[in-house]
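Please read the structure below before turning to the comments.
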Amino acid sequence: MDLPSLPLRSSEQTSQIPDYLQRYYRWAYVAPSAIRFWDHTSLVQGILFGQYNHLKQAAITALDQSIPGDLLQTACVYGNLTANLLRHLRRHESLTVVDVVPDQLSKLADKISSDHLQLECCDSSHLPWSSAQFTRNLMFFLLHEQPREVRNQTIAEGLRVLKPGGSLVIIDYHRPPRWHPLYGLICLVFALLEPFAYDLWQQDLATWIPSQWPSVHIEKTTYFAGLYQRLVIRIPLVDEPVALANDA
């Protein structure tokens with residue numbers, strides 16, 4: 001790939017795009033024509049029923065409240081999220097974006113040029129770094145698109161590369177009450193297009209946190225009458241008891 005504005009590294013651990021992405025999400029994330037079509041803020045705003053800007057701000061607020069340091073964005077996100085994250089970086093901080101689809105990173109490099117941005121082609125379930133490299137990690141509507149075993153490993157890896165005191169911020173779907181006006185539509189979308197998303201409705205996201213992280217602090221907030229959620233998972237600086245907070 002020719003990426004004149006940004007360095008793109010390729011991890012030896014990733015030799016190809018995963019089969020589940022090719023099979024179920026080529027229409028959305030793999031085919032170059034699909035990437036060009038979907039990568040528009042207005043489209044993402046419509047797909048999220050007008051909540052994209054609100055959820056993006058919820059993510060940025062949580063990241064800003066975390067300890068300062070380098071930021072990891074796990075998987076490319078359509079729209080202007082990455083550009084907004086860069087504007088919130090401090091002078092000596094950097095943003096690294098990882099994705100397993102090279103064309104996703106190429107498209108991002110075409111949109112953004114910044115000395116604070118690094119791109120890494122790798123699988124979110126096998127990150128190429130040693131432990132404790134970042135202070136913050138954002139997963140924005142990633143986990144509902146992954147099979148159970150991949151999701152487990154992605155969360156484990158996302159926590160592993162965080163420093164003590166660091167935070168993993170997750171924005172994703174949440175099971176709304178049945179009276180929610182979009183309940184039936186979302187069920188249909190999941191049935192037709194999102195074969196792994198129902199897992200996030202069957203059990204709380206916090207239950208996916210690996211057992212080797214017993215002392216993390218968890219803060220959960222729901223949005224849009226319960227259709228979306230933000231989970232902030234913080235690794236304590238010292239051995240502290242588990243704290244679970246809910247703010248619906």
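Please treat every number below as a calculation from the coordinates, not as lab data. Everything quoted here is computed from the prediction, not taken from an experiment. Ideal geometry is used to build each Cβ from the backbone, glycine not excepted, and the neighbour counts take in all protein chains shown.
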*Given (1) within 22 Å of L81 (Cβ to Cβ); (2) touching a Phe, Trp or Tyr at 6+ places or on another chain (Cβ under 9 Å); (3) not aromatic (F, W, Y), where does R148 come up short, assuming only one miss?*
(1)
*Looking only at the stretch 171-183, decide whether some residue is charged (D, E, K, R), touching a residue at least 12 places away in the same chain (Cβ under 8 Å), touching a Lys or Arg at 6+ places or on another chain (Cβ under 8 Å) and surrounded by fewer than 20 Cβ atoms within 10 Å (Cβ to Cβ).*
no
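List the helices (runs of 4 or more DSSP H) that sit entirely inside the stretch 52-165 and contain at least 2 residues that are closer than 22 Å to F190 by Cα.
Working: elements: 52-64, 81-87, 102-111, 148-160.
Helices (runs of 4 or more DSSP H) meeting the threshold: 52-64, 148-160.
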*Which residues, counting only those in the stretch 112-134, are over 15 Å from the mean Cα position of the chain (by Cα) and more than 26 Å from Y24 (Cα to Cα)?*
I112, S113, S114, D115, H116, L117, Q118, W129, S130, S131, A132, Q133
*Among the listed residues L142, L119, L85, L55, which satisfies the condition of being out of contact with any Gly (no Cβ under 9 Å at 6 or more places or on another chain), farther than 29 Å from L227 by Cβ, touching a residue at least 40 places away in the same chain (Cβ under 8 Å) and among the aliphatic types (A, V, I, L, M)?*
L119
*Which one of L200, L188 is surrounded by fewer than 16 Cβ atoms within 10 Å (Cβ to Cβ) and either among the hydrophobic types (A, V, I, L, M, F, W, C) or farther than 27 Å from Q22 by Cβ (or both)?*
L188
